[in-house]
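The next block holds one structure in the form of structure tokens; read it before the comments.
The values are calculated or read from the model by the stated rules, or taken from the named source; none is laboratory data. These numbers were taken from a predicted model, which means no experiment stands behind them. Note: ideal-geometry Cβ built from the backbone for every residue, glycine included; neighbour counts use all protein chains shown. Only protein heavy atoms, including side chains, enter the accessible area calculation; ligands, DNA and RNA are left aside. Shrake-Rupley method; radii C 1.70, N 1.55, O 1.52, S 1.80 Å.
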Amino acid sequence: MPDQDRWRALEQLFDEAVELDVASRAALLDRVCAADPSLRAGVERLLAWHGRAAGFLERPPLAVAGEAASGERAGARIGPYRLVRELGRGGMGAVYLAERDDEQYRHQVAIKLVKGGLDTEAIVRRFRSERQMLATLNHPNITKLLDGGTSDDGLPYFVLEYVDGVPIDQYCEAGALDVAQRLALFGQVCAAVDHAHRHLIVHRDIKAGNILVGADGVPKLLDFGIAKWLDPEMRVDATIPAPFRPMTPEYASPEQVSGGAITTATDVYSLGVLLYRLTTGRLPLEFASHQPHAIANVILEQDPRPPSEAEGLNEARRRRLRGDLDSIVLKTLRKDPADRYGSVEQLSQDVHRYLTGLPVLARKGSLQYRVVKFVRRHKTAAAAGVGVLLTLAAGVSATTWEAHVAQVERGRAERRLRDVRQITNSLIVEFNDALATLPGSTATRALLARRALEYLDELAKEVTTDASLQRELAVTYQKVGDLQGLPYQANLGDTAGARASYQKSVAILERLSAGPSPDTSDTVALGTAYQRIGSVLTRMNEPSGALANLRKALQIRERLVKPHPDDRELRQQLAESSVSTGDALLSSQGDTLEAMSLYDRARAIRQALLATTPDDPRLLNGLAESHHRLGAIFETFGDLLADTLGPANATKSFRQSLAHHREAMVIATRLLTNDANNMGFRRLVADATGETARLVAKSGSPGEAVDLYRPVLTSFESLAAADPANQEAGFDLSVSHRDFGVLLERHGDRADAERHYRQSIAISERTLATDPTNGERNLILAGTYAMLGDMLAKSGNTAAAEATYRKIVALGDRLRAGSPPSPSWRIVYGTGVWRLTNLLDRHGRAAEAAVPADAEMALERASADRTTASVQELFNAAQLLLTCRPVGLRDPRAAVAYAERAVALTGGKQALPAFLLVRAYYESGDVDKAVKAAHAALALLPTSFGGLDDAGIRRQLAATLGSQEGHASAVRR
Amino acid sequence: MAESPGDVTRLLQAWGNGDQEALNKLLPHIYDELRRLAGSQLRREGSPHTLQPTALVHEAYLRLAGQDRTRWQNRAHFLGVAAQAMRRILIDHARAGHAAKRGGDVVKVALDDVEAGQSSGETDLDLVALDAALTRLAAIDPQKSRIVELRFFGGLSVDEVAEVLNLSPRTVARQWQMARAWLYGEIAPGP
């Protein structure tokens, strides 16, 4: 193997030469390698290989059935032999049954052959080594080497004595051999292995399958394919990491899986496994999993049961094995090679002593072994014991007594905590997933979670002084909480329980951070705990509680970042906190501007972090998210301004919104380019493009918007087609058709718009068939009907519009009829009635409109009149009072009262009710108040949107509201 | 899936921050997940099936890291670990094929362009031999071995490998060239 410097030189020269043509290569090598011909040879060899290696490793590995390949050689001739059939395969070649048919009688042999394509130098070397080993060995229980050579196509082979037999364990079972007979056979195997050891060969792969017993009852050890010469220094084969060493897990020794030195003791261990198998029919260790790490764990950690206690034995066999044979077998299976028999001969002699009734060596010292093992196992406890003795010897002063208490507590608690963590981990890691796929297992999982919590609660009472244990407790509580109900991942759906667990974690962490030795990690964990409570409460639809907890998380993270401005993870967390707090603010009628500045802060943090890692997908995704939120907020501002003060005043807002959405789209596209197969990114691009297209249209370029959106629809179509059973994908496609319809309508293409609206409706109705009271989907469907109806009404197709609106009312009725009624029914019903009554009234059917309009008004007002009415309910009533038809039902003064209450409820911080109040004042005839309220409302927007004086506002209000048909602002969904 | 996505993400992060212990905890989960994804294809006998590591790795990523758009992260690290797991799966499978000793299915690699002169036009290379050669390469030049692991077993593009190892794509392409030539010399038949 070349040394590092040589390799680097080789590399440098190769890199340089490979870029050149043949003549220039020669010139380069002449110049550089004049004094070093072997370097030159190395580079030339590499260059030659490079020339032939085109396509090599360029394709992914293929898994193919190997039948054809294995059959290909049957019938072929190797030297004087004819191959009959394949007997088996090893790491480097295959073994065939062959016949020498040029003689009078047919002589059967086994031929081992290097496989074509595998005759690399290393494999051939190993192949030769096996042949050499077999030539060295001459023992009646080892297969004999008969011949060897090179086949016509240049492949090395050797010829072995053919053993027509069965594996030793099957032989014992088939013949129902008794223990003494089995041990006698085992003795012959030991003799074979001992013979190999005396020739400095370790077999390394002793197992029942490698020991065949023929009809004559003689066992033969075969397959020295991975055997190894013992060199005097017992050097470890360090180039091959343990997991990649060839071995058979069931027979592998601890040193084989851990990468320790391979010695004759390795074979002693495997012989022990074989002995166990022969005497009990079982294997000493049980492997529940076939993962390499799990196998290694079992081999390294698990102690085998004594053979006499193996499963499935009858009492007579148990008695036969109990005692001496137990000791013999267990001594071969010790984890530490030094604790096993010193040689195969010793093992063999002990077995012989047992058979002849002499005391066995294995029992000597086994008590001492057990004591040592006990101490090793209970190191912690023993150390605590020593601690107690020391403190007593030193005299029990108050402080040492406390230390002693702490230490005892720690020892006890540590063990318990380890147990609990094991339980929680298996809950989360093993049981949860295994059970999750079983129907009806939720109760079992919940029970397991409850059990873990009981342990934890008990433990929490005991652990009162040790900070690091309390820390562990807090983290484990969080884990249990995640399992119970962390949104957006597999959980038990017990959100309330999750909240309680997180709160316990919070209590511990609060105590720690207030304590004498607060640790940054406690504060970090505290932030996480509050954040999780916040997301659980969001899921539980408790926006104000969610906001309070998310704010706490935000404050903690703000505090953390200050002294650690370079900690990227903390800054990321701060950005994430900012966004979720912003979301919570908006959904709990909080401060719009504050939400905006939080989103903007998240954007700034992520942008700054990206400067060092420009392709970090988590950051890019976060940045896209920030831009999306900002875009949405500016769009809302624009809508409010357009409705109240006219479209001209909205332009700036829409432009800003568009800029953010475009930015989000660019980032999403970049993410998808970096990872073209990622379905999540495909969604992200489609969503961001859709938003951008809508804003392009609102900014006055509907044609461009239509072109921009077209591929989005295609994208959703293919997502839905790829997975027709996926309801979510169908639902997305329905929304996409609708969004496209809106753009087409804006572009003036009503026929196409109608087609897409109707397609959207058809898909929605289909997906609703399986889940007819799904609130969110009914809302979407109602919205699409509303858009279609509005367009039909504008086109003068009154009858069709009326029919469409009546469908919305029917949807509302259906939702209302459910038990309990779906909470969405009011919105759906209200949307339908408002539109229907407007339409009827405008077409001279006021009498028909009056009854449902009146009823709807009564409903809304009843909700708003409650003292506990929400901002949303007040808002809805006020809006209805301002815009409903027949016009006679309108009552701007009553609307003012509701709007004032809504504004007061939000502390005057929310733009939506503030703008509605402007309108209410104006329509009630109080223009001065309207102007004042408009100033207040504008103050809730970024300062760049101000700049209108009283006269300007008056003019805009007159232009926008004075001529208002009550048509533009639909009831907001 | 062995752990919840959040834990996998955390482990990925910890590993990214240099915690080697996290890798040890992570590998079994990814290994399990990939194994399950690969399992149905690997178990089938009689007809050839193409294993597409890239598709498997990406699918496993989606499942492990969750589909929530704001949740995924450290994809580069994931791909790195996954390639390693992929190698293990394929090698384990190849070994299982050998151990079956009855000519069961064996994982092979198409080498059809390697020996154009060969009559069959295709030679099968045992992945076990490649694995061993790759391990030898790791002893001399770990980075090259890693690049091959990521590209060949992980199915990553040069750019993705560059991302995972934090190298420039040019460096990766150059190293790949030499690693491939060297491995060819170790494995391919002929002088």
Taking a ≥ b ≥ c as the square roots of the eigenvalues of the Cα gyration tensor of segment A:590-700, is the shape rounded (a/c under 1.5), prolate (a/b larger than b/c) or oblate? oblate
A chain fully extended from A:Glu704 to A:Arg866 at 0.36 nm per residue, minus the present Cα-Cα distance, gains in nm 53.5 nm
State in Å² the accessible area per residue of segment A:845-973; use a 1.4 Å probe, count heavy atoms of protein chains only, and round to the nearest integer. 45
Around A:Leu283 (Cβ within 13 Å, Cβ-to-Cβ, excluding A:Leu283; K/R +1, D/E -1) the net charge comes to 0
Could you report the buried accessible area between A and B, both sides summed, computed with a 1.4 Å probe and given in Å² to the nearest 100? 7400
How much net charge surrounds A:Gly741 when only other residues with a Cβ under 9 Å from its Cβ are counted (Lys, Arg +1; Asp, Glu -1)? -1
Amide H neighbours of A:Leu221 at under 5 Å, excluding residues fewer than 5 places away on the same chain, with H built from the backbone geometry, are A:Ile142, A:Thr143
Can you compute the modelled spin-label distance between A:Asp566 and A:Met679, with each label point 7 Å from Cα toward Cβ, in nm? 4.2
HN-Hα J in Hz across segment A:161-171 - Karplus 6.51, -1.76, 1.60, θ = phi - 60°, x for Gly and Pro: 4, 8, 9, 8, x, 10, x, 4, 5, 5, 4
FRET efficiency (A:Ala855, A:Ala958; Cβ distance; R0 56 Å; to 0.05) is 0.95
Under the rule rounded for a/c under 1.5, else prolate if a/b exceeds b/c, else oblate, using alpha carbon gyration tensor axes a ≥ b ≥ c, segment A:845-973 is classed as oblate
Return the sequence-ordered ³J(HN,Hα) values of segment A:853-870 in whole Hz as given by the Karplus equation 6.51 cos²θ - 1.76 cosθ + 1.60 applied to θ = phi - 60°, using x for Gly and Pro. 5, 5, 4, 4, 4, 4, 4, 4, 5, 4, 5, 6, 6, 5, 5, 8, 4, 7
What list of ³J(HN,Hα) couplings, whole Hz, do you get for segment A:908-922 from phi and the Karplus terms 6.51, -1.76, 1.60, once you set θ to phi - 60° and write x for glycine and proline? x, 9, 9, 5, 4, x, 4, 6, 5, 5, 3, 5, 4, 4, 4
Projected label distance in nm at A:Gln132 and A:Asn541, using a 7 Å step from Cα toward the beta-carbon: 7.9
Please state the shape class of segment A:715-819: rounded when a/c is under 1.5, otherwise prolate if a/b exceeds b/c and oblate if not, all from the C-alpha gyration tensor. oblate
Coarse-grained scattering of segment A:4-52 at q = 0.32 Å⁻¹, given as base-10 log I(q)/I(0) from a Debye sum over alpha-carbon atoms: -1.43
In nm, what is the difference between 0.36 nm times the number of residues separating A:Arg45 and A:Asp813 and their Cα-Cα distance? 268.2 nm
Which of the GluC sites (Glu not before Pro) across segment A:624-687 are loop residues per DSSP, with 13 or fewer other Cβ within 10 Å? none
Check A:His107: other-chain or 5+ apart residues with amide H under 5 Å from its amide H, H built from backbone geometry? A:Arg100
As an exercise, identify the trypsin sites (Lys or Arg not before Pro) in segment A:827-871 lying in DSSP coil whose Cβ has no more than 12 other Cβ atoms within 10 Å. A:Arg866
For A:Arg85, which sequence-distant residues (separation of 5 or more, or a different chain) have an amide H within less than 5 Å of its own amide H, given hydrogens modelled in the peptide plane? A:Leu97
Which semi-axis lengths, in whole Å and largest first, follow from the square roots of five times the eigenvalues of the Cα gyration tensor of segment A:881-957? 22, 15, 9
